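A short worksheet on the structure shown next.
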Amino acid sequence: MKYITYLIISIFILQSCRGNNNEATYNIDQKPGNVILHGNQKFVKNHKALEFFEIGLTNIDCKNYKKAQENFLKANEIEPSNLAILNCLATVESYLGNNQKSIEMLYKNISIDSTEINTYTNLGGNLMHDKKYKEANKILLLGLKKGNKYNLHQKSVLLINLAVSCNNIGQCDEGLKYANQALEISQSNEFSRYANQIILDSKSCK
């Protein structure tokens, strides 16, 4: 169950870097100035910052996390306090093995904007990675209550992680409830398969 949870986080965590726009995509050839922008400009307003941001996303896809960090830092220098960029920086820290630093950054991001659901999801995932299930559960519940900037996919990811946190602290009925809610609003067959697995885990943990 814990392995599946972390896999879910790893697969869907990049959503937090792309904002809550279903249309946000990116196509680049790795050269700033030659970026084809499709949607992310809604979240990163400065064109130069957006170029670095888009390249950083591609670096993550290529698992070049150090280079991604460099590009997100450049974007942050141009457009500081942008939560999309800050969440990407926190994500990269986790990928680089600095999970505690990532956790600290995400707590700070919540203090900047307490309505961004992805920040809570990523923080909850990082806490569960460190087996801090009670703290993760508290954060994910807070995200469900306060988060209002999301699409259905992002809410489903928070719900499935909330389900796993419940299972890991013995609240299996609550875990089953949240897993079912996640399945109901699932936006892909891939995610539905994971949700069904968590539902089975919730039933078996009783």
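The values are calculated or read from the model by the stated rules, or taken from the named source; none is laboratory data. None of the values given here were measured: they were computed from a predicted structure. Neighbour counts run over all protein chains shown; Cβ positions are idealised from the backbone, glycine included. Just the protein is used for accessible areas: all its heavy atoms, side chains included, with ligands, DNA and RNA removed. Shrake-Rupley method; radii C 1.70, N 1.55, O 1.52, S 1.80 Å.
Residues of region 134-152 with backbone nitrogen within less than 16 Å of a virtual label 7 Å along the Cα-to-Cβ line of Ile169, please, listed as ranges.
Once the point is set 7 Å along Cα→Cβ of Ile169, 134-146 turn out to lie under 16 Å by backbone N, inside region 134-152.
Grab the alpha carbons of region 86-206, take their convex hull, and tell me the volume per residue in Å³.
Roughly 94 Å³ of hull volume per residue.
Per residue, how much accessible surface does region 95-206 expose to a 1.4 Å probe? Answer in Å², no decimals.
47
Report, in whole Å, the centroid distance computed from the Cα atoms of region 123-141 and region 182-206.
With region 123-141 and region 182-206 each reduced to a Cα centre, they are spaced 19 Å.
Order the peptides 131-137, 69-75 from the highest to the lowest mean number of other Cβ atoms within 10 Å of their residues.
Put in order of decreasing packing, that is 69-75, 131-137.
Semi-axes of the equivalent ellipsoid for region 47-116, please: Cα gyration tensor eigenvalues, times 5, square-rooted, ordered largest first, whole Å.
Over the Cα atoms of region 47-116, the ellipsoid semi-axes are 18, 16, 8 Å.
Of Lys131/Lys203; Lys66/Lys134; Lys66/Lys138; Lys67/Lys132; Lys67/Lys155; Lys42/Lys155, which ones are farther than 23 Å apart at the Cα?
Over 23 Å Cα-Cα: Lys66/Lys134; Lys66/Lys138; Lys67/Lys132; Lys67/Lys155.
Step through the residues of region 166-182 one at a time and calculate ³J(HN,Hα) from phi using the Karplus curve (6.51 cos²θ - 1.76 cosθ + 1.60, θ = phi - 60°), rounding each to whole Hz and writing x for Gly and Pro.
With the stated coefficients, region 166-182 comes to 4, 4, 6, 10, x, 9, 5, 5, 5, x, 5, 4, 6, 5, 5, 5, 5 Hz.
In whole percent, and with a 1.4 Å probe on the protein chains, what portion of the accessible area of region 124-206 is carbon and sulfur?
47
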